[in-house]
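One structure is given here, and the rest of the page talks about it.
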Amino acid sequence: MITTRADAGHDEVGVNPLRIADCYAECMAQLVTRIGEELLAELDELVDDGVVDSRSDAVRVGLRALVDEHRRRRIGDAIVAGYREQPQTPSEIGWPDEATVAMIGDEPW
């Protein structure tokens, strides 16, 4: 007889943990890799210190950071290439200097 949500396979907020596991199994790719003992020890230290929840979480965090760093580098390179193709004109870069000089001149020092 089911008397509580937990008996029905749900946690206290009504989420069935088995459904979450099924989603992970069906919706997420699984990677298998090998790492050295030293890196493994450092990884476990991150888990023990609460920096990440698990080894898998550490891998996800690291991969997200790597992908984000690469994406940002590509965007930065594209911006630099754009300015090289079409450099700013003196009128585009002169006004900030003039504005700065004017602001400093307005200070009552």
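Taking the conditions exactly as written (exposed (fewer than 10 other Cβ atoms within 10 Å of the Cβ) and among the small types (Gly, Ala, Ser)), does residue 91 satisfy them or not? So residue 91 passes the test. Looking across 68, 22, one residue alone is part of a helix (DSSP H, G or I) and either loosely packed, with under 10 Cβ neighbours inside 10 Å or modelled with pLDDT under 95 (or both). It is 22.
The values are calculated or read from the model by the stated rules, or taken from the named source; none is laboratory data. Because the structure is a prediction, the values reported are computed rather than measured. Reconstructed Cβ throughout: ideal geometry from the backbone, glycine too, with neighbour counts over all protein chains shown.
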